[in-house]
Amino acid sequence: MTRSYLSWGRFHRFGHEAVRPSRDQDMPGLLGGALPHPMLAYGMGRSYGDSCLNDGGALIDMRGLDRFLDFDRDTGVLTCEAGVSLATILGVISRRAEPDALWFLPVSPGTKFVTVGGAIANDVHGKNHHGAGTFGEHVLSFRLARSDGSVMTCGPGENEPLFRATIGGLGLTGVILDVRLQLRLVSSLILEVEDIRVDSLDEFYRLSEDSLAEWEYTAAWIDCLAFGTALGRGIYTRARHAPAGTGPVRSRPAGADSGKTGSAKGRLGVPVSAPDGMLNNTFVKAFNAVYHRKLAGRKVVRRLVDFDPVFYPLDAINDWNRLYGNAGFLQYQSAVPDQDAYQTTRDQLGLIAEAGQGSFLAVLKTFGERRNPGLLSFPVAGTTLALDFPNRGNPTLDLLERLDEVTARAGGRVYPAKDGRVSAARFQASYPQWRDLAAHADPAFSSSFWRRVTGGHADHQDESPT
Amino acid sequence: MKNVAIFGATSAIAEQVARLFAAEGCRLYLVARRADQLERVAADLRVRGAAEVFTFLLDFDDTANHASMLDDCARRLGDIAVALVAFGTLGDQERCKRDVAAAQAELRTNFMAPALLLTGLAQRMEDRRGAVIAAIGSVAGDRGRQSNYVYGAAKGGLDILLEGLRHRLAPRGVAVVTIKPGFVDTPMTASFPKGPLWAKPDKVAGDIRRAIEKRRPVTYTPGFWRLIMLVIKSVPRAIFYKTKL
Ligand SMILES: Cc1cc2nc3c(=O)[nH]c(=O)nc-3n(C[C@H](O)[C@H](O)[C@H](O)COP(=O)(O)OP(=O)(O)OC[C@H]3O[C@@H](n4cnc5c(N)ncnc54)[C@H](O)[C@@H]3O)c2cc1C
Ligand SMILES: NC(=O)c1ccc[n+]([C@@H]2O[C@H](COP(=O)([O-])OP(=O)(O)OC[C@H]3O[C@@H](n4cnc5c(N)ncnc54)[C@H](OP(=O)(O)O)[C@@H]3O)[C@@H](O)[C@H]2O)c1
C-alpha cells in the first residue's frame, strides 16, 4: 500500500512502499523477503530531514507496535514495543502514578510525539543532557529483527557491539521490536521554572556555568535576528522538579495522553499547509519581540508549572510544521566542542542574523561531559544550536553550507535527526565512526540520508573494516 | 470496576476499545485464537490500568466450545457487565463466488459463530439488568452489493439477529448495541488503497465506547456512514446496477 510518508520538515517528497505491521511475529517474515529492499523503520516522522525516509524503498511504520509489555512499579523498568510514543508513556505511567513512586522519562526531546524506537535510533537528548546524557544511556536492552530472519537481544554485555551500533544507528541495523527502559523517579510532575532574560551571548555562558549544577533542565531561546551587541539576546530557562507534594497548578498539558498526530482535544491545529508560508520575516520578528517581552521587562520570572508546556511548548499546536507552507523547512542543529563553543556560536548567530533567513526557533543548549552510549551518538561536550529555516531554495542551502564551515572549523558536527542536506564529505569527516556503523548495518536496510552521506549502500559495505 | 468481556480481543478495533476500558480500571476477559498475540495484548492492558485481565484461547468457528469458554468466563471474571463481539474475517469475494468452501467459511465466521456466541451470552446475561451486549457488524450488511455480498450477508444476518435480541432483552433492561463501522484502517484491510473515508481504529473505538455508555441501539462509525448508507440503500435498482459498488 502506498501512503504518503513525510519527515517533519516536509521538504523531501519521496515514494515508498509502506507497511504497518501490528504484530511483532510478523516482522521476521516481512524483513525476510515480503518487503522490497532496501527497508527502513519509520516512527512518528519527527526527524526533520531524510533520515526517516527511504526513497523508492520500503518503510515499516512502527506505530502499530505500540503495546506495553510490562512495568515494574518498584524498579521503574518499563518494557514496551518500539512504536510506543513518549506521550503515551507519560500519559499511562507518569500521569497515573502513585505520588510516592512517580516514574518519569529519564530523557525527553522537545516533542513527546516520538516513538521509543525513534528515540533510540537517533539517541535523542533533552534539556538535561548534562545530568542524564542521552536516551540510549537508559536503555537496558532491546530485541532487534534483522533481514536474515534472526531476532537478537542486545544490551550491555549481550551482543554489545550491535547494541552500541543500534543506539544512534539511524535505523540501519534492523528493526527494534521491543525495549527495556529504565525510567527515573522524580519528586513531582510540577517544575520549578526560572525564565531569565539574557542580553548577550556572554550572559548565556555565564548563566550556564551557574545553573548546571543545581538545575536539571536548561535551554535558551535565542532571538537570532538580533545584531551587534544584542547578538545572543534571548531567554534562558532553567527548571527542576518541584519538591514532593507541590501543586496542583493550573495547567493545560498539550494532548498529554494522546500520543496521536491527529487533532487531540485541547490542542490547536493547522489543518492544511499555509499557502506560501506564513512565517515570513515580519512575522518572525514580531514573534521574537513578543517572546522577549514575555518577561515584561523583568530580569527573572519564577513559576511553578506542569512539565508539559515547559518540555513541549510546540506540541500545543498540532502540525505546526505546516505553517511553513508546501516548500517545507529545514532545521540546522550543530554541536561544537567546549573550547571553541563561544566563538563558534557567535559566528553562527552572526551569519544567521546577516543572512536574514528568518529563524522561527533558535535554541541553545549545553551538552555535558558524558560518554556517548551509541556509535554515532550526536552530542559532543559543548554547545548545541538548533534553528528552523523556511525552505527558500538555494539561499537557504547556501547559508546552511556556510554554517557547516563554521561548525566544521570548530570540530563540530550536525545532527542527522535534523539534517536533510549536509554533504557526504562533511558527514564522514565529522563522524569518522560511520564505517563501523556501516559494518553493523543490515545489508537490506538503508535510508535516503544514508545513501546521501555515504554515496550508496553497497560500496561502503565492502570498504568497511570488520 | 466493570467486568468487560471481549471476544476477538486481538482485533485492531477491539484492542483500542479494550484500552479505553483498561484506562477506566475495568476487569477484562479476553478471548482470541492466537496465544502470543493475546498475551501481548493482555500485558499491554495490564500496564494501561486494567484491574485484572483474564485470557482464553478459542477459535470461534469451534462453536461447540463456546459454552465451556463462557463457563470459564463466569468462573473467573464473574457476571459480565459489557460484552463486545468483535471477531470477523473479510474473505475474498471473488473466491467466495466460485468456491463454496470459502463462502461457507465466511458465513461461518461472520454469522454462525457470532450468532451462536450471542445466543449463549443472551442466555447468561438476560437477568443482568443494566448489562450491555455489543457486536460489530458492518455497513456492508445494509445492502447486498456485487462486490462483497457474502460477507455482507453474514453481517446483515447478524444485524437482524441483534435487532431481535434487542427486542427480546429490552424489557429486561439489557441493552443490545450494534456497531456498523465503515472503512477502518486495520490489518483486515491492509491491502486496500486508503482514501479520505478511512478511519483509524482508535476513532472507531471511541465511538464504540460511547455507544456502549449511551446504550445506543445502532451506531454507524464514523457517524457520516449513516448518511452514506441511507443514500446507498435508497438508490433505485435500475441505477444501482449500473454501479460497481
Ligand atoms: C518539535 C521537535 C523537537 C525536537 N527536539 C529534539 C530534542 O530536543 N532532542 C533530540 O534529540 N531530538 C529532537 N527532535 C528530533 C526527534 O526527537 C528525533 O528525530 C526522533 O528520533 C524522532 O522519533 P520518531 O519516532 O518520530 O522517528 P522517525 O523520525 O520516524 O525516525 C527516526 C529514525 O529512527 C528510526 N527508527 C524508528 N523506529 C525504529 C525502530 N523501531 N527500530 C529501528 N529504527 C527505528 C528510523 O529508521 C529513523 O532512522 C525534535 C523533533 C521535533 C519535531
Ligand atoms: N476494518 C474494517 O474496515 C471493518 C469495517 C466494518 C466492520 N469491521 C468488523 O470489525 C471487526 C474487527 O475487525 P478489525 O477491523 O479490527 O480487523 P482485525 O484486526 O483483522 O480483527 C479481526 C479479528 O478477528 C479474529 N478472528 C477472525 N476469525 C476468528 C476465529 N475463527 N476465531 C477467533 N478469532 C477470529 C482475528 O484473529 P486472528 O488475528 O487470529 O486472525 C482478528 O483478531 C470485525 O468483525 C470486522 O468484520 C471491520
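The values are calculated or read from the model by the stated rules, or taken from the named source; none is laboratory data. As the structure is a prediction and not an experimental result, all values here were calculated from the model. All Cβ positions, glycine included, derive from the backbone under ideal geometry; neighbour counts span all protein chains shown. The area values use the complete protein model at the heavy-atom level, side chains included, leaving out ligands, DNA and RNA. Shrake-Rupley method; radii C 1.70, N 1.55, O 1.52, S 1.80 Å.
List of remarks:
- Electrostatic tally near A:LEU170: other residues with Cβ closer than 11 Å to its Cβ, Lys and Arg +1, Asp and Glu -1, net -3.
- Within the full protein context, the accessible area of B:TRP225 is estimated at about 10 Å² for a probe radius of 1.4 Å.
- Estimated FRET transfer efficiency when R0 is 51 angstrom, pair B:SER191-A:SER187 (beta carbons, to 0.05): 0.50
- Surrounding net charge for B:GLY78, when Lys and Arg each add one and Asp and Glu each subtract one, Cβ distance under 15 Å: +1
- At least 30 Å² accessible surface lost relative to isolated chain, residues of the range A:69-83 (1.4 Å probe): A:LEU69
- For the range B:53-162, the share of accessible area belonging to carbon and sulfur comes to 52 percent (1.4 Å probe, ligands and nucleic acids excluded).
- Note: relative contact order over chain A, using C-alpha pairs below 8 Å and six or more positions apart, is 19 percent.
- For A:ASP74, solvent-accessible area (1.4 Å; no DNA, RNA or ligand), Å²: 140
- Cα→Cβ-extended label distance, 7 Å offset, between A:LEU397 and A:ARG346, nm: 3.2
- Compactness index (Cα Rg / 2.2 N^0.38 Å), the range B:3-241: 0.98
- Ranking of A:THR396, B:THR63 by solvent-accessible surface, largest first: B:THR63, A:THR396 (1.4 Å probe, protein heavy atoms only, all chains present).
- Computed with a 1.4 Å probe on the full set of protein chains, the accessible area for A:ILE317 sits at about 60 Å².
- In the range B:28-75, burial by the other protein chains removes 20 Å² or more of accessible area from B:ARG34, B:ASP36, B:GLN37, B:ARG40, B:ALA43, B:ASP44, B:VAL47, B:ARG48, compared with the chain on its own (1.4 Å probe, ligands and nucleic acids ignored).
- Computed from Cα atoms, the angle from the helix B:224-234 axis to the main principal axis of chain B rounds to 40 degrees.
- Solvent-accessible area per residue for chain A (1.4 angstrom probe, square angstrom): 37
- Accessible area in square angstrom per residue, the range B:3-241, 1.4 angstrom probe: 43
- Pairing chains A and B buries close to 1700 square angstrom of accessible surface in total, based on protein heavy atoms and a 1.4 angstrom probe.
- Dipole-positive endmost among A:CYS80, A:THR246, A:LEU90 within chain A (Cβ charges, Cα centre): A:THR246
- Too-long pairs where the Cα-Cα distance tops 26 Å, listed order kept, from A:LYS127/B:LYS203; A:LYS299/A:LYS418; B:LYS180/B:LYS233; A:LYS127/A:LYS299; B:LYS2/B:LYS155: A:LYS127/B:LYS203; A:LYS299/A:LYS418; B:LYS2/B:LYS155
- Relative contact order (percent, whole number), the range B:3-241, Cα cutoff 8 Å, 6+ residue spacing: 18
- Computed helical MRE - 222 nm, chain A, DSSP H runs ≥ 4 contributing -39500 (n - 2.57), nearest 500: -7000 deg cm²/dmol
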